[in-house]
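*Asks:* One structure is given below, represented as structure tokens, and several questions about it will come after.
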Amino acid sequence: MSPSSPRPKRRPPANPKSAPAEVPAQEKTGRAPALVVTRGEETFQVRDRLPLLPLRDVVVFPSMTIPLLVGRLPSINALEKAVARDRLLFVTAQTRSEVADPTHEELHPVGTLARVLQLFRLPDGTMRVLVEGLARCRARRFLWSNDYFTVNLALEPEAAPAGGAELEAAQRHVLGQFTDYVRLNRRIPDEVLATASALTDPVALSYTLAAHLLVKVPQKQRMLEAAGPAERLRLLGETLGAELEILKLERKIEGQVRSQVHRNQKEFYLNEQLKAIRKELGHQNEFASEIDELSAAIRKARLPREVLAKAMKELDRLSKMSFMSPEATVVRNYLDWLVSLPWAKASRDQADMAKVESILDEDHFGLQKVKERIVEYLAVLKLTKQNKGPILCLVGPPGVGKTSLGRSIARSLSRRFVRVALGGVRDEAEIRGHRRTYIGSLPGRVIQSIRRAGTRNPVFLLDEIDKLGADFRGDPASALLEVLDPEQNHTFNDHYLEVDFDLSQVMFICTANSQHSIPPALVDRMETLRLPSYHESEKVQIARRFLIPKQIKAAGLDPADVQIAAPALAALIRSYTREAGVRSLEREIAGLCRKAARRKAAGRLDGPMNVALANLHRFLGPPKYIDLAVERVDRVGLANGLAWTEAGGDVLTIEVSILPGKGELQLTGKLGEVMRESAQAALTWIRSRAERLGLDKQFHRDVDVHVHVPEGATPKDGPSAGISIALAMVSALTGIPTRHEIAMTGEITLRGNVIAVGGLIEKSLAARRAGLEVMLLPRSNEKDIAELPEEVREGLELVLVDSMDQVLERALERKVEPRAAAPLPPAAAPAAKPQEEGPAEYAH
């Protein structure tokens, strides 16, 4: 075992009876006599059965003293047995050094009889042993004895030399070669040469020279197994001749390298050695062939003039560098990026506008504004022949199809599609790339995606642009200003490339859930298209056309295996999902399909699984969302407001109670700051018009007004409930009931004016879904009525109002009677007629 051998665990033989094996097929009869070995003046009586010590990566020769590190358990046991008896054992080399537990077939039969001179036990359980080779022996039979190997030995005699003069000449020749070998090889001490020169016995000389050669185990084993000293000296001559050639070549290479080395760094020295070795072996042309390949790739890439000049300059630098230089790797990677970009390759756009429209309609239901914008772009491209891509920003709630719409646009235009997710990106280098001075630098995501697309005019989707971050590493949103500016992106400069790349033909599409978190400078460079929430009729169509067939196919079903009735689908949308898009709806439909797949897999699906309104709860459980019932009778202090949420619109019931108190305004229902300010503005307007509303001017001193919005765990905010709160307050203070069939939205001012609000589509859908008949909305929102769904415009009466007086006139059950003013004394009569406006009366 070599000194570097680890200590492996012993693998016991599978069948102990099969462990003994004979090298020659001979049977032992009786006990063989002991062997007699003579070494110098010492004579050893050797038993015919000795412990075996297998060695890895080392061959022990006779007359050789060598330290060994023993760690394998069978080897340790063999050593202990040998030391306990006569300190003699048989050592031989393994045929394969990587085998931890060799068998008799993996051991050389010819080895050396060795004597243990010293034995040291180390703390880790291994042994360090010093052994001396005595004589060459052959293992006649390998035996397994409890926990170690033993062998039956036979001496391997040396063949008699052919002639004295020839043997003497061979000795002198080999000794001369060994003298040159020691002088060229620094790892062999000079004392070895002195010892070898003093030997006259050819057997001892051949063994000594073989033991000190730095060659592989198979070569040393052949020398050990040589028939006699003449054969062994011949092998030594051949081996020394080959080693001397290698050593001379190493000296030559070292001399060539030493003349070129100006620094003492180890890495540079080794690289120059490899260069000299490649030159000697004739492999120097590989680097030249790589230069030729890069040159051909540059010519084929059709680079612009400035980029071509930059590439040729870098190629010239590369040709003058060392093949293994780190800088050469950086230059090669840079040239690979330059030639792999699509500088002049572009895909041809789809010219048939009707086909483009059909593809868009096939993939998405609704979204008419976006589809019209794509067709308009194609029409301009067809007339002008100038392929300058637009920069669109699709803003809408989650799940309405913004990302999938980008892929559909690419398919309709026959362009490649690439997507970059910007959520959580905080490093400017993600957009512009890293400079080449940094280790592992790469271009930014824009250039990487262009390379992945393979064309210069793909549809490029920048997903979740509103979720960009910024920190000490820079602001990626500012880096996007150049990318998304049509006047600048034709000369986009990546920090890694350091040359301009034309992005003007790329069709950029950005997606965002909210426009407020996008920097204004970035919004100014994009054309914003808002994607509203889907209303119920659109969700029904999307489910019928897209979601149900998709989930039936995904579940491995046939189209006839699942039948969902129209009332059940409407209830599924209304009571099991509450969202702006259709993701939750798709998950619920997938749940129904899995129920059918389970029945079909179990053989219990005889016909189609019919999902009706009556049995929907059996498949999906009880409804997850239940709308608060809208009052169906006129009540005092109640008003129906409308709110916009991320899941669509909703109806808010505003409740107001008047209690004896000290003029405090209490607001409950987890209302936000803006909604609280709307309630205060409504109360201020009521106080300013107290007499016209039939109230005492000082009514607020003796009462507390409590405003509550149900579903108190849900946060609510926004100014659009202003007129609803004001109406409920007036109803509670005057005792006049409100009309239950009316809903309203609008912001109130201190002068009682009603101003515009947003989210009109979602709010009108909520009013329609709740069964309300009339919707009051600000007159300034008249422009938005045309965008409302046709079913809303037909089933809901839309009333435009300018002021709270019009709201009260339409929403209260009867008209408010003004309070009669008490006559003033003549001296106190006002000099002028009081003004009609509320704030002036309040000041008076």
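The values are calculated or read from the model by the stated rules, or taken from the named source; none is laboratory data. The structure presented is a predicted model; accordingly, all values stated were derived computationally and were not measured. Glycine gets a Cβ as well: all are built from the backbone with ideal geometry, and neighbour counts include every protein chain shown. All accessible areas refer to the heavy atoms of the entire protein, side chains included, with ligands and DNA or RNA removed. Shrake-Rupley method; radii C 1.70, N 1.55, O 1.52, S 1.80 Å.
*Asks:* Within the stretch 334-379, take every residue that is in a loop (DSSP other than H, G, I, E, B) and among the aromatic types (Phe, Trp, Tyr) and give me the one that is nearest to Val400 (Cα to Cα).
*Replies:* Step one: filter the stretch 334-379 for residues in a loop (DSSP other than H, G, I, E, B), giving 341-352, 364-367.
Adding the requirement that they be among the aromatic types (Phe, Trp, Tyr) leaves 343, 365.
Values: Trp343: 35, Phe365: 10 Å.
For the stretch 334-379, the residue satisfying everything is Phe365.
*Asks:* What residue, among those in the stretch 231-270 that are farther than 15 Å from His173 by Cα and hydroxyl-bearing (Ser, Thr, Tyr), is modelled with the lowest pLDDT?
*Replies:* Only one residue fits best here, namely Ser259.
*Asks:* What are the pairs, 6+ residues apart or on separate chains, where a residue within the stretch 392-418 that is among the aromatic types (Phe, Trp, Tyr) has its Cβ under 8 Å from a residue that is surrounded by fewer than 23 Cβ atoms within 10 Å (Cβ to Cβ)?
*Replies:* As it stands, the answer is Phe417/Arg407; Phe417/Ala410; Phe417/Arg411; Phe417/Ala453, since those pairs meet every condition given.
*Asks:* OK, next. Please verify whether Gly649 is at positive phi and either of a type outside the set (Ser, Thr, Tyr) or under 45 Å from the mean Cα position of the chain (by Cα) (or both), treating the condition exactly as stated. Before the answer, list the steps.
*Replies:* Values: at positive phi: no; either of a type outside the set (Ser, Thr, Tyr) or under 45 Å from the mean Cα position of the chain (by Cα) (or both): yes.
Against the criterion (at positive phi and either of a type outside the set (Ser, Thr, Tyr) or under 45 Å from the mean Cα position of the chain (by Cα) (or both)), Gly649 does not qualify.
For (1) assigned to a helix (DSSP H, G or I); (2) surrounded by 15 or more Cβ atoms within 10 Å (Cβ to Cβ); (3) over 58 Å from the mean Cα position of the chain (by Cα); (4) small (Gly, Ala, Ser), each residue gets a yes or a no:
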residue: Leu167; (1), (2), (3), (4): yes, yes, yes, no
residue: Ala170; (1), (2), (3), (4): yes, yes, yes, yes
residue: Leu175; (1), (2), (3), (4): yes, yes, yes, no
residue: Phe178; (1), (2), (3), (4): yes, yes, yes, no
residue: Ile188; (1), (2), (3), (4): no, yes, no, no
residue: Val192; (1), (2), (3), (4): yes, yes, yes, no
residue: Ala196; (1), (2), (3), (4): yes, yes, yes, yes
residue: Ser206; (1), (2), (3), (4): yes, yes, yes, yes
residue: Leu213; (1), (2), (3), (4): no, yes, no, no
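*Asks:* For Gly556, work out the one condition from (1) open to solvent by 70 Å² or more (accessible area, probe 1.4 Å); (2) at positive phi it doesn't fulfil.
*Replies:* All conditions are met except number (1).
*Asks:* How many of the residues in the stretch 594-608 are small (Gly, Ala, Ser) and part of a helix (DSSP H, G or I)?
*Replies:* Residues of the stretch 594-608 small (Gly, Ala, Ser): 596-597, 601-603, 607.
From what's left, part of a helix (DSSP H, G or I): 596-597, 601.
The qualifying residues number 3.
*Asks:* Can you give me the number of residues within the stretch 789-806 that are within 15 Å of Met744 (Cβ to Cβ) and open to solvent by 40 Å² or more (accessible area, probe 1.4 Å)?
*Replies:* Number of matching residues: 5.
*Asks:* When you scan the stretch 755-776, do you find a residue that is open to solvent by 10 Å² or more (accessible area, probe 1.4 Å), modelled with pLDDT under 90, among the basic types (Lys, Arg) and part of a helix (DSSP H, G or I), even just one?
*Replies:* Yes; the residues of the stretch 755-776 include at least one that is open to solvent by 10 Å² or more (accessible area, probe 1.4 Å), modelled with pLDDT under 90, among the basic types (Lys, Arg) and part of a helix (DSSP H, G or I).
*Asks:* OK, next. Can you say whether Ser780 is more than 18 Å from Ile725 (Cβ to Cβ), open to solvent by less than 20 Å² (accessible area, probe 1.4 Å) and in contact (Cβ under 8 Å) with a residue 12 or more places away in the chain, as far as the supplied structure shows? Working first, answer last.
*Replies:* Numbers: more than 18 Å from Ile725 (Cβ to Cβ): yes; open to solvent by less than 20 Å² (accessible area, probe 1.4 Å): no; in contact (Cβ under 8 Å) with a residue 12 or more places away in the chain: yes.
Considered against the rule, which asks whether it is more than 18 Å from Ile725 (Cβ to Cβ), open to solvent by less than 20 Å² (accessible area, probe 1.4 Å) and in contact (Cβ under 8 Å) with a residue 12 or more places away in the chain, Ser780 comes out as no.
*Asks:* Need the failing condition index for Phe149 against (1) in contact with a Leu (Cβ under 6 Å, 6 or more places away or on another chain); (2) of a type in the set (Phe, Trp, Tyr); (3) open to solvent by 50 Å² or more (accessible area, probe 1.4 Å), just the number.
*Replies:* If we test Phe149 against (1) in contact with a Leu (Cβ under 6 Å, 6 or more places away or on another chain); (2) of a type in the set (Phe, Trp, Tyr); (3) open to solvent by 50 Å² or more (accessible area, probe 1.4 Å), just (3) comes out false.
*Asks:* I'd like the full set of residues that are part of a loop (DSSP other than H, G, I, E, B) and either charged (D, E, K, R) or surrounded by fewer than 24 Cβ atoms within 10 Å (Cβ to Cβ) (or both), limited to the stretch 45-59.
*Replies:* We begin by selecting, within the stretch 45-59, every residue part of a loop (DSSP other than H, G, I, E, B); these are 47-48, 56-59.
Hits for the stretch 45-59 are Arg47, Asp48, Arg56, Asp57, Val58.
*Asks:* Which of the following residues is surrounded by fewer than 21 Cβ atoms within 10 Å (Cβ to Cβ) and under 30 Å from Val307 (Cβ atoms): Gln505, Gln515, Gln563, Gln541?
*Replies:* Working: Gln515 fails: under 30 Å from Val307 (Cβ atoms); Gln563 fails: under 30 Å from Val307 (Cβ atoms); Gln541 fails: under 30 Å from Val307 (Cβ atoms).
Of Gln505, Gln515, Gln563, Gln541, the one residue that is surrounded by fewer than 21 Cβ atoms within 10 Å (Cβ to Cβ) and under 30 Å from Val307 (Cβ atoms) is Gln505.
*Asks:* Yes or no: the stretch 589-598 includes at least one residue that is in contact with a Leu (Cβ under 8 Å, 6 or more places away or on another chain), under 23 Å from Leu367 (Cβ atoms) and surrounded by 19 or more Cβ atoms within 10 Å (Cβ to Cβ).
*Replies:* Narrowing the stretch 589-598 to residues in contact with a Leu (Cβ under 8 Å, 6 or more places away or on another chain): 589, 591-593, 596-597.
Keeping just the survivors that are under 23 Å from Leu367 (Cβ atoms) gives 589.
Filter once more, so that each one left must be surrounded by 19 or more Cβ atoms within 10 Å (Cβ to Cβ): 589.
For the stretch 589-598, residues in contact with a Leu (Cβ under 8 Å, 6 or more places away or on another chain), under 23 Å from Leu367 (Cβ atoms) and surrounded by 19 or more Cβ atoms within 10 Å (Cβ to Cβ): present.
*Asks:* Given the structure, is Thr528 open to solvent by 20 Å² or more (accessible area, probe 1.4 Å) and either on the phi > 0 side of the Ramachandran plot or among the hydroxyl-bearing types (Ser, Thr, Tyr) (or both)? I'd like the intermediate steps shown before the answer.
*Replies:* Working: open to solvent by 20 Å² or more (accessible area, probe 1.4 Å): yes; either on the phi > 0 side of the Ramachandran plot or among the hydroxyl-bearing types (Ser, Thr, Tyr) (or both): yes.
So Thr528 fits the description; yes.
*Asks:* For the stretch 91-146: of the residues being part of a loop (DSSP other than H, G, I, E, B) and of a type in the set (Asp, Glu), which is least open to solvent (accessible area, probe 1.4 Å)?
*Replies:* So in the stretch 91-146, the residues part of a loop (DSSP other than H, G, I, E, B) come out as 95-103, 108-109, 122-126, 146.
If we keep only those that are of a type in the set (Asp, Glu) too, we end up with 98, 101, 124.
Working: Glu98: 127, Asp101: 15, Asp124: 102 Å².
Per the criteria, the residue is Asp101.
*Asks:* So which strands (runs of 3 or more DSSP E) are wholly in the stretch 609-690 and hold at least 1 residues that are of a type in the set (A, V, I, L, M, F, W, C), more than 17 Å from Ala732 (Cβ to Cβ) and open to solvent by 50 Å² or more (accessible area, probe 1.4 Å)?
*Replies:* Numbers: elements: 609-611, 638-645, 648-660, 665-668.
Hits in the stretch 609-690: 638-645.
*Asks:* Out of all the residues in the stretch 607-618, is one or more touching a strand residue (DSSP E or B) at 6+ places or on another chain (Cβ under 9 Å) and under 30 Å from Gly746 (Cβ atoms)?
*Replies:* No, the conditions are met nowhere in the stretch 607-618.
*Asks:* In the stretch 711-725, how many residues are more than 19 Å from Asp802 (Cβ to Cβ) and open to solvent by less than 30 Å² (accessible area, probe 1.4 Å)? Don't jump to the end; show me each part of the working.
*Replies:* If we filter the stretch 711-725 for residues that are more than 19 Å from Asp802 (Cβ to Cβ), which is where we start, we get 711-718.
Add one more test, that the residue is open to solvent by less than 30 Å² (accessible area, probe 1.4 Å), and what stays is 716, 718.
The number of residues fulfilling the criteria is 2.
*Asks:* Within the stretch 444-465, does at least one residue satisfy the condition of being of a type in the set (Lys, Arg), under 23 Å from the mean Cα position of the chain (by Cα) and at pLDDT below 85?
*Replies:* Looking through the stretch 444-465, none of the residues is of a type in the set (Lys, Arg), under 23 Å from the mean Cα position of the chain (by Cα) and at pLDDT below 85.
*Asks:* Among the listed residues Ala786, Ala728, Ala743, Ala732, identify the single one that is modelled with pLDDT of 90 or more, on the phi < 0 side of the Ramachandran plot and either part of a loop (DSSP other than H, G, I, E, B) or open to solvent by 10 Å² or more (accessible area, probe 1.4 Å) (or both). It would help to see each step written out before you state the result.
*Replies:* Numbers: Ala786 fails: modelled with pLDDT of 90 or more; Ala728 fails: either part of a loop (DSSP other than H, G, I, E, B) or open to solvent by 10 Å² or more (accessible area, probe 1.4 Å) (or both); Ala743 fails: either part of a loop (DSSP other than H, G, I, E, B) or open to solvent by 10 Å² or more (accessible area, probe 1.4 Å) (or both).
From the options Ala786, Ala728, Ala743, Ala732, the qualifying one is Ala732.
*Asks:* Do you know which residues across the stretch 678-695 are within 56 Å of the chain's Cα centre (by Cα), more than 8 Å from Ala726 (Cα to Cα) and in contact (Cβ under 8 Å) with a residue 40 or more places away in the chain?
*Replies:* Our first condition is that a residue be within 56 Å of the chain's Cα centre (by Cα); within the stretch 678-695, this holds for 678-683.
Remaining after also requiring more than 8 Å from Ala726 (Cα to Cα): 678, 680-681.
Ser678, Ala681, listed by residue number.
*Asks:* Something else about it: Filtering the stretch 67-90 down to residues that are among the β-branched types (Val, Ile, Thr) and crowded, with 20+ Cβ neighbours inside 10 Å, which residue is nearest to Asp57 (Cα to Cα)?
*Replies:* Initial filter on the stretch 67-90 (among the β-branched types (Val, Ile, Thr)): 70, 76, 83.
Subsequent filtering for residues that are crowded, with 20+ Cβ neighbours inside 10 Å retains 70, 76.
Working: Val70: 13, Ile76: 18 Å.
Once the filter is applied, the top-ranked residue is Val70.
*Asks:* Name the single residue, out of those in the stretch 217-238 being within 16 Å of Glu156 (Cβ to Cβ) and not hydrophobic (A, V, I, L, M, F, W, C), that is most open to solvent (accessible area, probe 1.4 Å).
*Replies:* Restricting to residues being within 16 Å of Glu156 (Cβ to Cβ) and not hydrophobic (A, V, I, L, M, F, W, C), the top hit is Arg222.
*Asks:* Right, something else. Mind checking which strands (runs of 3 or more DSSP E) fall wholly inside the stretch 486-593 and carry at least 2 residues that are in contact with a helix residue (DSSP H, G or I) (Cβ under 6 Å, 6 or more places away or on another chain)?
*Replies:* 507-512
*Asks:* Next question. Given Leu315, Leu294, which one is under 32 Å from the mean Cα position of the chain (by Cα) and open to solvent by less than 40 Å² (accessible area, probe 1.4 Å)?
*Replies:* Details: Leu315 fails: under 32 Å from the mean Cα position of the chain (by Cα).
Going through Leu315, Leu294 in turn, the sole match is Leu294.
*Asks:* Can you tell me which residues in the stretch 325-357 are more than 22 Å from Arg435 (Cα to Cα) and surrounded by fewer than 17 Cβ atoms within 10 Å (Cβ to Cβ)? Can you show your working first?
*Replies:* Of all residues in the stretch 325-357, those more than 22 Å from Arg435 (Cα to Cα) come to 344-357.
Passing the criteria: Ala344, Lys345, Ala346, Arg348, Gln350, Ala351, Asp352, Met353, Ala354, Lys355, Glu357.
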